[in-house]
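First the structure, in the form of structure tokens, and then the observations on it.
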Amino acid sequence: MATGILSDTMTFELWRLRFHFHAEESLVFPPGKAANVLRGAFGMMLRETANAPDYARIFEPKAQSGVPAGPSGLADRPRPFVFRAAHLDGQTIPAGSGFHFDMHLFDTKHPASEALQQAYAHLAKAGLGPGRGRATLVSVGKEHIAIPLDGPAEPATRIRVEFLTPTELKSGEQLVTRPEFPILFARLRDRISTLRALYGPGPLNIDFRAMGERAARVTLACCDLTWHATQRHSSRTGQTHPIGGFTGQAEYQAEYDGGLGEFLPYLRAGQWTGVGRQTVWGKGEICFQPCS
């Protein structure tokens with residue numbers, strides 16, 4: 001990972017925003033739902049505090065006429081952010097304590113940091129969590145991240161990927177029960193390319209088919225997964241939606257020495273973007289490391 005502008009290579013870029021708060025009252029975050037609670041409240045407050053173009057661009061991005069929204073086939077664009085708040089799941093923040101959460105913002109053309117800061121400041125005063133505990137926004141940390149995607153291949157033959165938050169991967173129209181590497185890589189590649197095309201310098205300049213064929217030569221050596229069945233209730237629509245998925249770890253083995261090296265930059269970018277369904281509220285968070 002590197003920070004700063006890297007103009008001489010193909011990169012995936014984003015802003016990491018870290019919002020620091022002081023709890024004026026006790027706050028409670030439900031188990032497994034902290035990011036979802038924050039996302040819903042943020043959307044409602046952003047509608048009230050931001051101008052219409054900023055709100056639409058950040059929270060309800062629409063596909064432009066004649067411009068595809070992305071490979072998922074959805075009518076609208078993916079939102080240009082994800083939350084990172086799993087450390088708050090099931091936590092009670094006592095009055096007088098500090099807490100934080102992160103937002104990864106992929107719109108490098110129009111970051112709208114002031115609109116985000118204003119929304120969170122008002123949201124904290126109005127109250128967070130089911131009990132609407134009040135807080136004060138203390139500071140916002142901002143870091144530019146740029147991950148090179150086309151540097152020299154790193155030698156790697158076996159890696160371990162950890163699925164830190166519930167993850168759902170699709171192959172075709174079906175949810176999969178095992179994160180086979182070709183499926184995992186395809187979902188990462190498509191998400192990174194779509195976000196880069198819509199909110200960054202442009203789509204990935206790679207041979208998608210050839211990389212997919214090489215990914216098919218990486219096998220799932222072993223995995224240890226746990227399925228989580230969780231639901232969220234939308235206060236806006238009154239509907240209930242499943243937000244479960246699997247967590248755990250999987251080890252992948254290349255058929256030839258160093259065969260995983262070219263995929264590591266995409267896994268590295270995926271640590272920031274998440275992978276699979278419903279990444280906006282923190283699902284599909286991953287990390288990885290080489291295996292000896």
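Each value in this text was obtained by applying a stated rule to the coordinates, not by laboratory testing. Everything numeric here is computed off the predicted structure, so don't read it as measured data. When we count neighbours, we look across all protein chains shown, and the Cβ atoms used for this are built from the backbone with ideal geometry, even at glycine.
By the count of other C-beta atoms within 10 Å, a proxy for reagent exposure, Val138, Val218 are ordered fewest to most as Val138, Val218. Quick one: what does P(r) look like for the stretch 74-165 with 10 Å bins over all Cα pairs, in whole %? Binned Cα distances yield the sequence 11, 34, 31, 18, 7, 0. Other residues within the sphere of radius under 9 Å centred on the Cβ of Ile145, judged by their own Cβ, net out at -1 (K and R +1, D and E -1).
On the principal axes of its alpha carbon atoms, the stretch 153-290 extends 52, 37, 25 Å, with the longest extent given first. Summarising the amide proton neighbourhood of Gly276: residues at separation of 5 or more, or on other chains, whose placed amide H is nearer than 5 Å comprise an empty set. For the stretch 7-61, taking the reciprocal of the average inverse distance between every pair of different Cα atoms yields a Kirkwood hydrodynamic radius of 14.3 Å. Taking the average, over residues, of other Cβ atoms within 10 Å as the packing measure, peptides 113-119, 277-283 rank 277-283, 113-119 from highest down. Highest GNM mean-square fluctuation among Gly151, Gly133, Gly32, for the chain modelled with Cα contacts below 10 Å: Gly151. Within the stretch 6-38, whose backbone N sits under 17 Å from a point 7 Å along Cα→Cβ of Glu143? Only 6, 12-21 fall inside the zone, counting backbone N under 17 Å.
Over the chain, DSSP H runs of length four or greater, each weighted -39,500 (n - 2.57), average out per residue to a 222 nm ellipticity of -8000 deg cm²/dmol. Its Cα centre serving as origin, the chain has a Cβ charge dipole (Lys and Arg +1, Asp and Glu -1) of approximately 760 debye.
For the chain, modelled as a GNM whose springs connect Cα atoms under 10 angstrom apart, the maximal fluctuation among Tyr266, Tyr256, Tyr55 occurs at Tyr256.
Each peptide among 102-110, 178-186 gets the average number of other Cβ atoms lying within 10 Å of its residues, and from highest to lowest they stand as 178-186, 102-110.
Note on Lys170/Thr136: beta-carbon distance plugged into 1/(1 + (r/R0)^6) with R0 of 41 Å gives a FRET efficiency of 0.50. GNM on the chain, alpha-carbon springs under 10 angstrom: the most fluctuating residue among Arg16, Arg189, Arg209 is Arg209. For the stretch 11-146, the extents of the C-alpha atoms along the principal axes are 51, 28, 27 Å, listed from largest to smallest.
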